[in-house]
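Down below is the structure, laid out as structure tokens.
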Amino acid sequence: MFIQNKTGWVVCIFCFLLFSFNIFSRDTIQLKSTDDNIFTVDECVPVHNIGKLITTQYFGGGGYSKLRDCYLKQYQQNRAEFPKGSGLYYVSGTGSWFGGIIGNDTLVSQSRFGEIWTDGNIILRSTSDPTSVYYEDAVSELDYVVYRADTFSNAPYLDSYLDNDSRPHKPLGLLIKQSSYSWSYGYAEDFVLLDFEIKNVGTKFIKDFYFGIKLLPMSGYMGSKPKTPDDDIGGFLPEFILGDNCQYIDTLNMVWGSDNNGNPVDGVFTDIAKEVNGELVKSGTGIGGVLFLANNNGIHLAGKKISYNWWFDDWDFISDFNFGPVMKKNLRDLGNTWSGEPFGDNGRYFVMSNGEIDYNQIYTASIYQTDPVWVYPDQRKARTISDGYGWMEHLLSVGPFDLPPGGVLRIPFAYVAGENFHTKPTNIDNLPDFPESYYSNLDFSDLAKNAQWARWIYDNPGVDTDGDGDSGLYTICVLDSQLIDNEWVVSAADTFWYRGDGVPDWKAAGPPPAPYVWLEPTLNGIRVRFNGSRSETEKDIFTQIVDFEGYNIYFGRDEREASLSLVASYDYENYDKYVWNSAVERYIVEDVPLTLADIRCAYADSCNDSSFDPLSFTRSDPFYNIDSIFYFVKHSYNVVGDAIAKVYPNIRDPRLVHVDSLVDDDYTEEGYFKFFEYSYTIENLLPTIGYWVNVTAFDFGSPKSGLQALETSKTVSIQNAYPLIDADELSGERKQVYVFPNPYRIDAGYRASGYEGRTEEDRPDYRVRELNFANLPPRCDIKIFSLDGDLVRHLLHDKDISDPTYSRDSWNLITRNTQMIVSGLYYWTVEFPDGEVQMGKFVVIM
């Protein structure tokens, strides 16, 4: 059902994810019903929620219903939230348009009104855990793949004023593989990449094919009631000056949208929601936008034209107003209007292919009747639109392409978010009369930098992927210069690659691989043993150097990241060298961190000069070299000591010997190099409590490209272990089994305290209860009886002794007849493999 109101089209963009139509055969898209990484839309929806940007695969969707995501199994608001946890959003709806010419027919299909359908399957992949079923063929930490089709002529059809073709929908005959990727790393957490692989599965040639992305900016705060958009702005960002230490101008061709003033409260921007006139208000100073990842220098878009058109969407005719910018040379009937939203396939195709780049929304009232380029705007709403208005639809399109039968076209693009777009709470006072002053107070830098990183992941800069000798575009960075004969002469320079070779890489710089970890319970503690054979030897894909920096050990009472604490670190002793750059008149970091040995050999009297301390040179008292001025700062903690110790301190480094000379003594029992084996013991722990432990690896980042240090996930592959009991109990041959909590009270708030149901938020309380058995042998039979001696439940406990949780098991308080137990006294027995039986009792208070 499609609702003809202002929220109707936003809901319908996502309609295909809410219904499951069998329009593909499984053979066509090669899915298996038994694959563990395939879900249906009845189970969940593809939500990207591991970074700071939370969004569906369509970066918005609309409506205020919650959606259960396929990865974390959590419920998310159906909005593009940014930053994560803020409740703020900047985009409410999006769509995709597909247009082309088949014979004498000009056809356009759009993800609106159900013209394009899915088969109802969602493929999930992830690089986070190599042992996971999601790992194979994964590109990012969270991939989604959905297949869609434009092959049916019986799509839902509203009224002729919405289509204006006076006929049912005519499909182009397309199969669309829609992939999306996201990461949690600091440099990549603010965007989602998408890749549309469009195949002509029909029998007819599609000429002059165009692809378009439609964006509906609508900002707000989820804590307030649903609002009608009435004060949002948008526009086109053609290029931007990027680079911290070496600036260059990069082409973006990006569509953006945001609130018109950032919603200041009492004249200031606030991160805390405040009540204003009975409604919660929170400042939203961010911005969202879309751009094509391949630019005009790339293979996919070489020689293609980009069009940007926007219009006021009043398709419910509440105010009988329809407007959009139009170049005088492009003025024509768009189906039911001469400006504004196009109607029918012919009108939509013309807008997709007109090559027009509309002026930004804030300039609408600045277009005069005598303007030589633009049609004079309708004055009924020109000033209102200029200072922020609702239901402004923005379309970014590219083409033309030819698609023969069986032909495939790939269109990569990104939805990108940025922070601190609004910088001045009173900036709105400049509109509508002073748009230039208003524009000068907007800050696109974070949005543009994130867009740059999105493109770098798609096409790695300076990498000759296809081996044809072209590594992309670069600029020469002047690092230092000298005054010679009254002229400044460059004395130090470097090449900075800011664009790839046009061949997709789809590779993101990540942290070093996490180490292999083993937990060994000790007396009132847990020994953490780990091996970094991969962590300390693999190269970064961007810099092509080994950038390993150190390890962190985390532990907590449960596996949630918020519950984990850092207990120990191991960090290389190295230093950042800040060099004075006369070109930018400030100190900058030009290279990777230097070890203490490197620094002493380069700047001390000798390599063995132990009195040379790099930290004695500071910003106010730097080191003066022959051709440069610099000082040093610790790169990180510089902690290398006894806390985290090498298990084999005297073993040789395998990187310094030939592989043929390695012998069995160089390897651990597990087959890893002993040189990279470490251990650390967490002490003074309670033996009745389970602890979660993980070891992460982190790198030193890339100062030249502005890449911050990256760390592996604190929660992926996290392990659970219980410390051993005290010495008196250990002295016996067999430990006494016990049960906790005892009594079990339904009103004790176990779930709220994090003891139950931490990873099962969608299940009710009665399905996540846990009664725990401790001090169990690796294998035993657990039986629970009622006071009358009736068997309530029989549990088979069978764990390998190497499992640090082998001595624990739990029961969900469900009987063998799948019923909840009632309040009362219960008995339990534990039968050991040798026939010995231990008995006990517990109380349940429901």
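So what is the calculated 222 nm ellipticity per residue for the chain, using -39500 (n - 2.57) for each DSSP H run with n of 4 or more, over all residues, to the nearest 500 deg cm²/dmol? Write down the numbers at each step before the final one.
On the way: 9 runs with 61 residues, N = 846.
It comes out at -2000 deg cm²/dmol, rounded to the nearest 500.
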Practice task
Quick one: compute a quarter of the convex hull surface over the Cα atoms of the range 611-656 and quote it in nm².
Solution key: 6.2
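What fraction of the DSSP beta bridges in the chain is antiparallel, stated in percent and rounded to the nearest 5?
On the way: 186 of 191 bridges.
Roughly 95 percent of the DSSP beta bridges within the chain come out antiparallel.
How many percent of all Cα-Cα pairs in the range 479-565 sit more than 15 Å apart?
Summing the P(r) of the range 479-565 above 15 Å gives 77 percent of all pairs.
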Practice task
Can you sort LEU825, LEU662 by 1.4 Å-probe accessible area, starting with the largest?
Solution key: LEU825, LEU662
Practice task
Using only protein heavy atoms and a 1.4 Å probe, report how much of TRP374 is accessible, in Å² to the nearest 10.
Solution key: 30
Problem - Accessible area (Å², 1.4 Å probe, nearest 10) - ASP195 - result: 10
Exercise for the section: Arrange the residues GLU43, GLU436 by how much accessible surface each exposes, largest first, with a 1.4 angstrom probe. Expected result: GLU436, GLU43
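What whole-number value in cubic angstrom gives the convex hull volume per residue for the C-alpha atoms of the chain? Please list the in-between numbers first.
Working: hull volume 199.5 nm³, N = 846.
In the chain, the Cα hull volume divided by residue count equals 236 Å³.
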Completion exercise
Excluding residues fewer than 8 positions from LYS783 in its own chain, the aspartates and glutamates with Cα under 19 Å of it are GLU770, ASP798, ASP809, GLU831, ASP834, GLU836
Problem - Solvent-accessible area of GLU341 with every protein chain in place, 1.4 Å probe, in Å² to the nearest 10 - result: 10
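Sorted by accessible area with a 1.4 angstrom probe, largest first, how do TRP256, TRP518 fall? Write out the running numbers ahead of the final one.
Details: TRP256 5, TRP518 60 Å².
Reading off the accessible areas and sorting them downward yields TRP518, TRP256.
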Practice task
Evaluate E = 1/(1 + (r/R0)^6) for GLU487 and ASP598, where r is the Cβ-Cβ distance and R0 equals 30 Å; express this FRET efficiency to the nearest 0.05.
Solution key: 0.30
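Of all GluC sites (Glu not before Pro) in the range 572-676, which ones are in loop regions per DSSP and have a Cβ with at most 14 other Cβ atoms within 10 Å?
Values: sites: GLU573, GLU585, GLU590, GLU669, GLU670; in loops: GLU573, GLU585, GLU590, GLU669, GLU670.
Filter output for the range 572-676: GLU585, GLU669, GLU670.
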Fill in the blank from the handout: Links exceeding 24 Å between C-alpha atoms in this model, out of LYS73/LYS507; LYS329/LYS449; LYS199/LYS304, come to LYS73/LYS507; LYS329/LYS449
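Would you please classify the overall shape of the range 396-533 from the alpha carbon gyration tensor, given that a ≥ b ≥ c denote the square roots of the eigenvalues, rounded means a/c under 1.5, and beyond that prolate means a/b larger than b/c while oblate covers the rest?
Details: a/c = 1.37, a/b = 1.32, b/c = 1.04.
Because its axes are fairly even, with a/c under 1.5, the range 396-533 counts as rounded.
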Fill in the blank from the handout: Heavy-atom accessible area per residue of the chain, all protein chains kept, 1.4 Å probe, expressed in Å², is 44
Fill in the blank from the handout: Summing +1 per Lys or Arg and -1 per Asp or Glu among the other residues with Cβ less than 10 Å from TRP117's Cβ gives -2
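So what's the net charge close to LYS634: Lys and Arg +1, Asp and Glu -1, counting the other residues with Cβ under 11 Å from its Cβ? Numbers along the way, then the final one.
On the way: positive: none; negative: ASP571, GLU573, ASP576.
Net charge around LYS634: -3.
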Completion exercise
With label points set 7 Å from each Cα along the Cα-to-Cβ direction at ALA382 and THR270, the distance between them in nm comes to 3.8
Exercise for the section: Report the net charge of residues surrounding PHE421, where surrounding means a beta-carbon distance below 13 angstrom and charges are Lys +1, Arg +1, Asp -1, Glu -1. Expected result: -4
Handout entry: Length released on extending from LYS328 to ASN742, taking residue separation times 0.36 nm less the Cα-Cα span
Key = 141.0 nm
Exercise for the section: Give the relative contact order (percent, whole number) for the range 805-846; include only Cα pairs under 8 Å separated by 6+ residues. Expected result: 34
Exercise for the section: With a 1.4 Å probe and every protein chain kept in, tell me what percent of the accessible surface of the range 559-715 is carbon plus sulfur. Expected result: 48
Completion exercise
Once both label points are put 7 Å beyond Cα along the C-beta direction, the TRP518-ARG167 separation in nm becomes 7.2
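Calculate the FRET efficiency for LEU615 and LEU656 from the Cβ-Cβ distance with a Förster distance of 41 Å, rounded to the nearest 0.05.
That gives a FRET efficiency of 0.90.
The values are calculated or read from the model by the stated rules, or taken from the named source; none is laboratory data. Source: prediction; values computed, not measured. Every residue, glycine among them, receives a Cβ derived from its backbone with ideal geometry; neighbour counts consider all protein chains shown. Ligands, DNA and RNA are stripped out before the accessible areas are found, and what is left, the full protein with its side chains, is counted by its heavy atoms. Shrake-Rupley method; radii C 1.70, N 1.55, O 1.52, S 1.80 Å.
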